[in-house]
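Enquirer: Got a structure for you, questions after.
The values are calculated or read from the model by the stated rules, or taken from the named source; none is laboratory data. Note that the structure is predicted; figures quoted are calculated from it, not measured. Please note: Cβ atoms are built from the backbone with ideal geometry, for glycine as well, and neighbour counts cover all protein chains shown. Remember, those area values only see protein heavy atoms, side chains included, never the ligands or the DNA or RNA. Shrake-Rupley method; radii C 1.70, N 1.55, O 1.52, S 1.80 Å.
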Amino acid sequence: MLPVAPAVDVAPRPRLQLLDLLRFGAALAVVMYHYTARRHTQWEAPTIETFPFVSQFSAYGFMGVQLFFLISGFVILMSVEGRSVGEFVAARISRLFPAYWAAVILTAILIEFIAGDQLGKSVTLVQVLTNLTMLQQWTGVPHVDGVYWTLAVELLFYVLIGIFMSTKLTVEKITWLAFLWPLAALIADRSNMQFLATFLSPAYAPLFAAGMMLYVIYSRGSNLLRWMLVVGNGILGTQQTIMYDVANAERLTGVDLKEPVAVAIMILIFASVALVTLSPLQSRGLAWMTYLGALTYPLYLVHELWGWWVIGQLSPYLNEWVVLVLAIAFVLLLAAAIERWVERRSRRWLRTQVLRSFPRAERAPAAAAAR
């Protein structure tokens with residue numbers, strides 16, 4: 001495991017509330033991208049005609065996903081600190097699945113019984129059941145909601161971290177991982193090694209790797225090599241974003257996206273995460289930011305189709321800005337309901353039950369592992 005000092009010598013680290021706020025901001029950027037830039041049929045006119053000015057900016061909102069992945073690299077290492085593999089697996093399952101199961105079921109109900117014709121979508125029982133496993137992308141089954149594609153990338157990252165944890169995850173191994181993982185992913189992609197490229201995620205590996213090195217700097221201090229890996233992976237992540245995601249966003253929005261703007265946004269993303277984790281800002285923030293961080297995941301899961309449904313229902317009757325505000329308010333309330341009535345009620349129980357599935361040695365608390 002990452003080496004930790006005995007509990008009595010470890011100063012409690014501050015809650016990174018501004019990092020929670022960044023995560024929520026990333027989710028809102030994606031929401032604005034889907035509502036005001038991406039092509040869909042729920043507005044009375046094409047999206048970029050409904051929001052001709054705003055769409056020129058919100059079309060870059062897809063890059064909220066890049067911010068998600070960078071933060072994920074940081075947060076996952078924080079979550080494995082002092083934990084066994086069993087504790088890590090239990091924590092990830094209890095964090096990912098309850099809200100996801102609720103989102104899949106609610107969205108399937110929306111499509112099948114409420115607004116399938118309006119949204120131009122349909123689902124089958126097998127499709128819904130396969131989506132509940134979170135493995136649909138590798139079975140060739142369509143996502144119930146298109147935003148679920150990012151979960152496949154996250155899941156592969158967790159598997160990779162779990163593999164390294166099983167061999168004792170040290171700072172040295174993390175440093176090698178942050179160097180070799182993006183490099184191997186790029187080689188696999190350029191060599192048409194499809195299975196390996198799919199597993200290593202060449203488009204997003206540099207973002208996770210940079211996030212991990214930011215956590216090492218945060219928890220263990222900085223040196224030249226660590227910053228070189230942050231900057232180098234930042235450059236690779238920017239190049240991959242422009243190669244893969246910018247062109248795709250142009251196709252989905254019809255907006256001519258500018259490469260210098262995308263580069264500037266990536267610099268801002270990295271600078272923002274570094275500032276809120278490595279500067280005195282790490283101890284700043286307000287309690288409500290933590291709650292917004294808790295809403296981020298369910299909001300991301302339900303915002304697209306449920307928001308489009310609200311827009312389609314209201315846009316013939318109300319001003320587009322009023323409709324936009326009401327759609328965002330609706331999905332925020334839906335996310336709050338999932339966080340309150342699903343995640344809070346199930347997370348601890350599910351975590352405990354999964355942890356009991358591991359041998360007793362894997363269930364040792366972090367304090368015992370430190371001792």
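Enquirer: Quick one: plug the Kirkwood hydrodynamic radius of the stretch 104-187 (C-alpha pairs) into Stokes-Einstein at 20 °C, 1.002 mPa s, and report D in µm²/s. List each step's numbers first, then the result.
Expert: Values: Rh = 15.2 Å.
Reported coefficient: 141 µm²/s.
Enquirer: Just add up the charged neighbours of Y297: K/R +1, D/E -1, any other residue whose Cβ is under 9 Å from the Cβ of Y297.
Expert: Details: positive: R23, R95; negative: E339, E343.
Net charge around Y297: 0.
Enquirer: Shifting gears a bit: Leaving ligands and nucleic acids out of the surface, order T238, T253 by accessible area at 1.4 Å, largest first.
Expert: Details: T238 20, T253 0 Å².
Of T238, T253, the descending order of accessible area is T238, T253.
Enquirer: Sticking with this structure for a sec: Over the stretch 213-309, how many percent of alpha carbon pairs lie in each 5 Å bin up to the one with the longest distance?
Expert: Spelled out bin by bin, the stretch 213-309 gives 2, 10, 13, 15, 17, 19, 14, 7, 2, 0, 0 percent.
Enquirer: Projected area of the chain, taken from the Cα convex hull and averaged over every viewing direction, in nm²? Walk me through the intermediate numbers first.
Expert: On the way: hull surface 75.9 nm².
Seen from a random direction, the Cα hull of the chain projects 19.0 nm² on average.
Enquirer: Going by amide H atoms built from the backbone, whose H comes under 5 Å of the H on G82, apart from near neighbours?
Expert: When sequence neighbours closer than 5 places are left aside, the close amide H contacts are L2.
Enquirer: Percent of alpha carbon pairs in the stretch 321-363 separated by more than 17 Å? The partial results should precede the final answer.
Expert: Working: 496 of 903 pairs.
When all Cα pairs of the stretch 321-363 are counted, 55 percent exceed 17 Å.
Enquirer: Here's a follow-up. At 0.36 nm per residue, minus the direct Cα-Cα distance, what do I235 and R345 gain on full extension? Give it in nm, one decimal, please. Display every interim value, and only then the final one.
Expert: Details: separation 110, 0.36 × 110 = 39.60 nm, distance 4.14 nm.
Separation in residues times 0.36 nm, less the Cα-Cα distance, equals 35.5 nm.
Enquirer: How much length is gained on full extension from L333 to L132, taking 0.36 nm per residue of separation minus their Cα-Cα distance? Let's see the in-between values first.
Expert: On the way: separation 201, 0.36 × 201 = 72.36 nm, distance 2.27 nm.
Between L333 and L132, full extension yields 70.1 nm more.
Enquirer: When ligands, DNA and RNA are left out and all protein chains stay put, how many square angstrom of accessible area per residue does the chain have with a 1.4 Å probe?
Expert: Numbers: 17190 Å² over 371 residues.
Result: 46 Å² of accessible area for each residue.
Enquirer: On each of the three principal axes of the Cα atoms of the stretch 226-272, give max minus min coordinate, whole Å, ordered largest first.
Expert: Principal axes ranked by extent give 39, 18, 13 Å for the Cα atoms.
Enquirer: So if R0 is 22 Å, what FRET efficiency would S222 and T167 give, r being the distance between their Cβ atoms, rounded to the nearest 0.05? Intermediate results must be reported in sequence, preceding the final value.
Expert: Details: r = 26 Å, r/R0 = 1.17.
With a Förster radius of 22 Å, E is 0.30.
Enquirer: Hey, another quick one. Roughly what percent of Cα-Cα pairs across the stretch 275-321 reach past 13 Å? Don't skip to the end; give the middle numbers.
Expert: On the way: 764 of 1081 pairs.
Looking at the stretch 275-321, the distances longer than 13 Å represent 71 percent of pairs.
Enquirer: Would you mind giving the average projected area, over all directions, of the Cα convex hull of the stretch 70-226 in nm² with one decimal?
Expert: With the hull built on Cα positions only, its mean projection is 10.7 nm².
Enquirer: Give me Rg over Rh for the stretch 8-149, both radii from the alpha carbons and Rh done the Kirkwood way, two decimal places. Could the numbers behind the result be given before it?
Expert: Values: Rg = 18.8 Å, Rh = 18.0 Å.
On the Cα set of the stretch 8-149, Rg over Rh gives 1.05.
Enquirer: Taking the Cα centroid of the stretch 327-345 and of the stretch 68-132, what is the distance between the two, rounded to the nearest whole Å?
Expert: 14 Å
Enquirer: Assuming a viscosity of 1.002 mPa s and a temperature of 20 °C, what translational diffusion coefficient in µm² per second does Stokes-Einstein assign to the stretch 189-264, Rh being the Kirkwood radius over Cα pairs?
Expert: Working: Rh = 14.0 Å.
Result for D is 154 µm²/s.
Enquirer: A further question follows. Determine the sum of side-chain charges near M266: Lys and Arg each +1, Asp and Glu each -1, restricted to other residues whose C-beta is under 14 angstrom from that of M266.
Expert: Numbers: positive: K258; negative: D245, E259.
Net charge in that neighbourhood comes out at -1.
Enquirer: Hey, if we sort K168, K173 by accessible area with the 1.4 Å probe, largest down, what's the order?
Expert: On the way: K168 135, K173 65 Å².
Ranked from most to least accessible, the order is K168, K173.
Enquirer: Related question: Short version: what are the Cα gyration tensor semi-axes of the stretch 136-276, square root of 5 times each eigenvalue, largest first, in whole Å?
Expert: So the three semi-axes of the stretch 136-276 are 25, 21, 14 Å.
Enquirer: Please tell me the relative contact order of the chain in percent, rounded to the nearest whole number, where contacts are Cα pairs under 8 Å and at least six residues apart.
Expert: Working: 478 pairs, mean separation 120.7, N = 371.
After rounding, I find 33 percent.
Enquirer: Per the helix-only calculation at 222 nm, which mean residue ellipticity applies to the chain, given -39500 (n - 2.57) for every DSSP H run of n ≥ 4 and division by its residues, nearest 500 deg cm²/dmol?
Expert: On the way: 18 runs with 250 residues, N = 371.
About -21500 deg cm²/dmol.
Enquirer: Once you list every other residue whose beta carbon is under 14 Å from the beta carbon of L334, what net charge do they have if Lys and Arg are +1 and Asp and Glu are -1? Each step should come with its number before you reach the end.
Expert: Values: positive: R340; negative: D145, E304, E339, E343.
Neighbourhood net charge equals -3.
Enquirer: Contact order normalised by length for the stretch 157-237, with contacts defined as Cα pairs under 8 Å and 6 or more residues apart; what percent is it? Walk me through the numbers before you get to the answer.
Expert: Details: 68 pairs, mean separation 23.8, N = 81.
So the answer I get is 29 percent.
Enquirer: For a Förster distance of 30 Å, can you work out the FRET efficiency between the beta-carbons of L96 and V322, rounded to the nearest 0.05? Walk me through the numbers on the way to the answer.
Expert: Working: r = 35 Å, r/R0 = 1.16.
With a Förster radius of 30 Å, E is 0.30.
Enquirer: While we're looking at this one, here's another question. Expressed as a fraction of 2.2 N^0.38 Å, the rule-of-thumb size for a compact globular protein of N residues, what is the C-alpha radius of gyration of the stretch 221-371? Display every interim value, and only then the final one.
Expert: Values: Rg = 21.5 Å, N = 151, 2.2 N^0.38 = 14.8 Å.
The stretch 221-371 yields a ratio of 1.45.
Enquirer: On to the next question. Rounded, prolate or oblate for the stretch 151-203? Axes are the square roots of the Cα gyration tensor eigenvalues, ordered a ≥ b ≥ c, and the cut-off for rounded is a/c under 1.5.
Expert: Values: a/c = 2.51, a/b = 1.50, b/c = 1.68.
Oblate, since a/c reaches 1.5 and b/c is not below a/b.
Enquirer: Related question: Return the sequence-ordered ³J(HN,Hα) values of the stretch 343-358 in whole Hz as given by the Karplus equation 6.51 cos²θ - 1.76 cosθ + 1.60 applied to θ = phi - 60°, using x for Gly and Pro.
Expert: Each residue of the stretch 343-358 in turn: 5, 4, 7, 10, 4, 5, 4, 5, 4, 5, 5, 5, 5, 5, 6, 9 Hz.
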